Amino acid sequence: MARFIGLSQIAANNAAGTRLNITKKLVLWSVLILQLGFIGCIWLLQLSRNQEQQLTETAAARVHFVQQERLQQPQSHKKRCMQRENVNQYQRDFYQLKLSNHSVDYALPAYAELEQQTALWCYAEGTVNQTQQQLLNELDYLLAPPQCSCQSGWHGRDCGQPEIIWRALMTHSRSSRRPLKLREASANRLKRLYYMISLGDWQLINLELLQLQLRTLASVVDYYLIYYYVNASWQHQQQRRLERQLHAQLNGNFVLHACTNRRNCSSANAYAHLRQQLWTQCGMQLAPTDLLLYGDAETVYAPAALKFLKYYAEDVLPLRFRLKHNVYGFYWQHPQRTRLSGVISSLLHLHAAQLNLQRLEQQASHTLGDLNHYGGWSCELCLSPEQLLHMLQTKANVSHVHMPQTARIDATYIQQLMGNGLQLDGSTQLLRMRQQHEKYYAPTTALLQSQEYAQLLVNLYDVDVLNDLQLDEDED
């Protein structure tokens, strides 16, 4: 009996050991399967992330698209949104001077030592190209705190105020409501500048002048909205050609908008289109402190004033520009000398004008520029004789022009007006401009690349000018 009981216990122990081994194996296999599943999930997530990165790198990021009503957009030019902007160029436009007391042989006062603890940042464009030792030798800590050494026409402790801004600030200081709320320039408080250009009728666009407009502000503006009216029969080939030209010049940071209906080609509709595309393509909203610049096909703005507003202005009430009034080219100036055109403002104030840029321009009560220091250039009628003839024949934008009844209006007649310095009315005598005597003869970009902008710089229909050019070539 005892033997039977012992065998039963042994059998029970063996069965329990077998069940324990099976349980251990199941647990180990379960852990192994979980580990393999976890590794597989990590691998799938990494693969998905790599694919998304490849798509992002190829699809890119800056706004670049064309919308034309009733015309299908070419498939070869996809909409893109890039992140390379001019909004954060502080390290490029400013340089740092760390002051030390090694160059002085007397004890510095307490406030001078405090000044040395804060780095002195100078605006590069407005500062004389001096070494740090030269700058320190000119400082007298007993008389004044240190400041940058400014070039002629630049002002401020860091030499960041161009002449046009300095004069405007002095004028606005006597106003009860100052249009600019300023602060110190900082790399941590930056804003974008959007530039809306209304080109009008496509047939009356000077592409050479448009290229000059864009190239002059290429290092200041972050995004462009260029819109114009065009007949619905305009060919896709011309559209793609203009798009390629803009993409090569602006690296894609533009929105090109073609309207086939004049009633829908308003600044309010164009602005709404810009906001929509920036949000749908980039997921980017316009900030209230960002700046909006509005102009037409004739205006080339001075970049120095715009860059100052980007760095120093916390809030900008609507400001109009006093521009040098040129006619036909930079070689003729209207007898009134200047004209008011264009507007810049913080986006916050655009809503008060019901998103209407023309109304915003009318509300502007202050200006940038005066009779001797211009906010830019307005090149009126800077078109070819053939374009001017087309404008007269179609009565586009010439309701204020009274043509002489006896004259035969053709391209030859317009060339004579351009050569003799007479406006289209045949009676208003223009002022002759000479590059050697004019400080603001033309935008610096045009002067540095004079071969590309020769038709805007040189009067090809003036016999005296052509004779002078021939003499210069013979002397060379």
> Under the classification rounded if a/c is under 1.5, otherwise prolate if a/b is larger than b/c and oblate if not, where does the range 267-323 fall, given a ≥ b ≥ c as square roots of the Cα gyration tensor eigenvalues?
Replying inline: oblate
>> Using only alpha-carbon positions, what ratio does the radius of gyration of the range 300-347 give when scaled by 2.2 N^0.38 Å?
In response: 1.38
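When the convex hull of the C-alpha atoms of the range 225-351 is computed, what volume per residue in Å³ does it have?
162 Å³
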> Using a 1.4 Å probe, how large is the accessible area of Cys382, given in Å² and rounded to the nearest 10?
Replying inline: 10 Å²
>> Report the Cα-based extents of the range 220-300 along its three principal axes, largest first, to the nearest Å.
In response: 40, 31, 29
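Taking a quarter of the surface of the Cα convex hull of the range 295-376, what do you get in nm²?
Values: hull surface 23.1 nm².
Average of the hull's projected areas for the range 295-376 equals 5.8 nm².
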>> So, taking all protein chains as they sit and a 1.4 Å probe, how much accessible area belongs to Cys150, in Å² rounded to tens?
In response: 40 Å²
> What list of ³J(HN,Hα) values in whole Hz, one per residue of the range 437-445 in order, does the Karplus curve 6.51 cos²θ - 1.76 cosθ + 1.60 (θ = phi - 60°) give from phi, with Gly and Pro shown as x?
Replying inline: 10, 10, 5, 10, 4, 7, x, 4, 4
> Under the Karplus relation 6.51 cos²θ - 1.76 cosθ + 1.60, θ = phi - 60°, what is the ordered set of whole-Hz ³J(HN,Hα) values for the range 416-432, x standing for Gly and Pro?
Replying inline: 5, 5, 5, x, 8, x, 10, 6, 4, 6, x, 10, 6, 7, 8, 8, 7
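Please label the shape of the range 166-220 as rounded, prolate or oblate, based on the square roots a ≥ b ≥ c of the eigenvalues of the alpha-carbon gyration tensor (a/c under 1.5 means rounded; beyond that, a/b larger than b/c means prolate, else oblate). Let's see the in-between values first.
Numbers: a/c = 3.01, a/b = 1.82, b/c = 1.65.
Since a/c reaches 1.5 and a/b is larger than b/c, the shape of the range 166-220 is classed as prolate.
Please state the relative contact order of the range 176-297 as a whole percent: Cα pairs under 8 Å, 6+ residues apart? Please report the intermediate quantities before stating the final value.
Details: 135 pairs, mean separation 46.7, N = 122.
Once normalised by length, the contact order is 38 percent.
For the range 285-373, which whole percent of the accessible surface, found with a 1.4 angstrom probe, sits on carbon and sulfur atoms? List each step's numbers first, then the result.
On the way: 1390 of 2970 Å².
Summing carbon and sulfur atoms, their accessible area is 47 percent of the total for the range 285-373.
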> Can you tell me the accessible area per residue over the range 296-428, all protein chains present, probe 1.4 angstrom, in square angstrom?
Replying inline: 40 Å²
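Using only alpha-carbon positions, what ratio does the radius of gyration of the range 168-309 give when scaled by 2.2 N^0.38 Å? Show your work: numbers first, answer last.
Numbers: Rg = 16.9 Å, N = 142, 2.2 N^0.38 = 14.5 Å.
Compactness ratio reported: 1.17.
The values are calculated or read from the model by the stated rules, or taken from the named source; none is laboratory data. What you see is a predicted model; the values in this text were computed from it and never measured. Remember, those area values only see protein heavy atoms, side chains included, never the ligands or the DNA or RNA. Shrake-Rupley method; radii C 1.70, N 1.55, O 1.52, S 1.80 Å.
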